[in-house]
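The values are calculated or read from the model by the stated rules, or taken from the named source; none is laboratory data. Bear in mind that the values here come from a model prediction, so they are computed numbers and not experimental data. Cβ sites come from the backbone with ideal geometry, for glycine too, and all protein chains shown count toward neighbours. Heads up: the accessible areas ignore ligands, DNA and RNA and are worked out on the full protein's heavy atoms, side chains in. Shrake-Rupley method; radii C 1.70, N 1.55, O 1.52, S 1.80 Å.
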Amino acid sequence: KPAVVVLISGSGSNLQALIDQSLCGALDIEIKAVISNKADAYGLERAKNAGIPTHFISHKDFDSRESFDGALKFLIEQYTPNLVVLAGFMRILTEEFTRSYEGKMLNIHPSLLPKFKGLDTHKRAIEAGESEHGVSVHFVSAELDAGAVIIQARTNVETHDTPESLAKKVHALEHKIYPLSVSWFAQKRITYNAGKAFLDNIELPETGVT
Ligand code: GAR
């Protein structure tokens, strides 16, 4: 089974979706470790409950972005992963780090990229008067939230939507498309070449997913 290391900073509901899908056999991977840069990330509990090794590494213990990323890489490499999955990992990574995992690191971002890179995406989508919002899974490249997109799922923005209600709808989409993307990667049906993502023989699951 492909070895996967998951990086988190928070609640870890996407991690939970990956754990659940692998337990039920829909996702054929082995989550070797979960690493958080926040000590109190609830995702660490989720990992422990699933018997997955966990690590906490704080950027505050390092004097530069480079040294933190170096230590993070050292930790990840102990598990020789085929894939690194960013699941709500809220730290910007150095170019060198992203280059080490080029084509082997996925991220999920709560917007229809290239719209709304960065933070507070739900609030910004509402403020911009968008009629549609959603989530993107993409390969990680050096530029923040700019790597090749693999799949997006969309939802309508209704007039009564708040950042919270929109986040809820987007989360439900995330929990569907992230395990799906990881399973495609595990089956070598998504590949990466020269900064582009290639999808092989993939049938998209439902409308609203592109
Ligand atoms: C998710 O909505 C994910 O898309 C977002 O953080 C949340 C993590 O939730 N990621 C980013 O904003 C990355 N820049 P989770 O901890 O419950 O999986």
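Between a residue in segment 125-138 that is under 18 Å from residue 88 (Cα atoms) and any residue that is among the basic types (Lys, Arg) and in a strand (DSSP E or B), which pairs come within a Cβ distance under 6 Å, given they are 6 or more apart or on different chains?
134/154
In segment 34-56, how many residues are away from the ligand (no atom under 16 Å from the Cβ) and either within 15 Å of residue 20 (Cβ to Cβ) or over 18 Å from the mean Cα position of the chain (by Cα) (or both)? Step through it out loud before you land on a result.
Here is the first cut: in segment 34-56, the residues away from the ligand (no atom under 16 Å from the Cβ) are 51, 53, 55.
Filter once more, keeping what is either within 15 Å of residue 20 (Cβ to Cβ) or over 18 Å from the mean Cα position of the chain (by Cα) (or both): 51, 53.
So the count comes out to 2.
If a residue has to be out of contact with any Gly (no Cβ under 8 Å at 6 or more places or on another chain), within 30 Å of residue 97 (Cα to Cα) and among the polar types (S, T, N, Q) to count, how many in segment 131-180 make the cut?
Number satisfying all stated conditions: 1.
When residue 60 is evaluated against the numbered criteria (1) farther than 15 Å from residue 35 by Cα; (2) surrounded by 13 or more Cβ atoms within 10 Å (Cβ to Cβ), which criterion, by number, is the only one it fails?
(2)
Being out of contact with any Lys or Arg (no Cβ under 9 Å at 6 or more places or on another chain) and either open to solvent by less than 60 Å² (accessible area, probe 1.4 Å) or polar (S, T, N, Q) (or both) is the filter here; which residues of segment 28-51 pass it? Talk me through it step by step, then tell me what you get.
Keep residues of segment 28-51 that are out of contact with any Lys or Arg (no Cβ under 9 Å at 6 or more places or on another chain), which gives 31-33, 35-36, 38-43, 45-51.
31, 33, 35, 36, 41, 43, 46, 47, 49, 50 - these are the residues of segment 28-51 that are out of contact with any Lys or Arg (no Cβ under 9 Å at 6 or more places or on another chain) and either open to solvent by less than 60 Å² (accessible area, probe 1.4 Å) or polar (S, T, N, Q) (or both).
Got a number for residues in segment 86-104 being within 16 Å of the ligand (Cβ to nearest atom), under 13 Å from the mean Cα position of the chain (by Cα) and not aliphatic (A, V, I, L, M)?
The qualifying residues number 3.
Give me the residue from segment 83-103 that is touching a residue at least 60 places away in the same chain (Cβ under 8 Å) and touching a Lys or Arg at 6+ places or on another chain (Cβ under 7 Å) and, out of that set, surrounded by the most Cβ atoms within 10 Å (Cβ to Cβ). Spell out the reasoning first.
If we filter segment 83-103 for residues that are touching a residue at least 60 places away in the same chain (Cβ under 8 Å), which is where we start, we get 83-91, 102-103.
Imposing the further condition that a residue be touching a Lys or Arg at 6+ places or on another chain (Cβ under 7 Å) reduces the set to 83-84.
On the way: 83: 18, 84: 23.
The extreme case among them is 84.
Do any strands (runs of 3 or more DSSP E) lying entirely in segment 128-210 carry at least 2 residues that are open to solvent by 60 Å² or more (accessible area, probe 1.4 Å) and at pLDDT 95 or above, and which ones are they? Outline the logic, then answer.
Numbers: elements: 132-139, 149-156, 190-193, 196-199.
By residue number, 149-156.
Please find, within segment 14-27, the residue that is nearest to the ligand (Cβ to nearest atom) out of those that are open to solvent by 20 Å² or more (accessible area, probe 1.4 Å) and touching a helix residue (DSSP H, G or I) at 6+ places or on another chain (Cβ under 6 Å). It would help to see each step written out before you state the result.
Of the residues in segment 14-27, the ones open to solvent by 20 Å² or more (accessible area, probe 1.4 Å) are 16, 20-26.
If we keep only those that are touching a helix residue (DSSP H, G or I) at 6+ places or on another chain (Cβ under 6 Å) as well, we get 16, 21.
Details: 16: 8, 21: 14 Å.
Only one residue tops the list, namely 16.
Does residue 1 meet the test of being surrounded by fewer than 18 Cβ atoms within 10 Å (Cβ to Cβ), more than 12 Å from the ligand (Cβ to nearest atom) and part of a helix (DSSP H, G or I)? Step through it out loud before you land on a result.
On the way: surrounded by fewer than 18 Cβ atoms within 10 Å (Cβ to Cβ): yes; more than 12 Å from the ligand (Cβ to nearest atom): yes; part of a helix (DSSP H, G or I): no.
In short, no.
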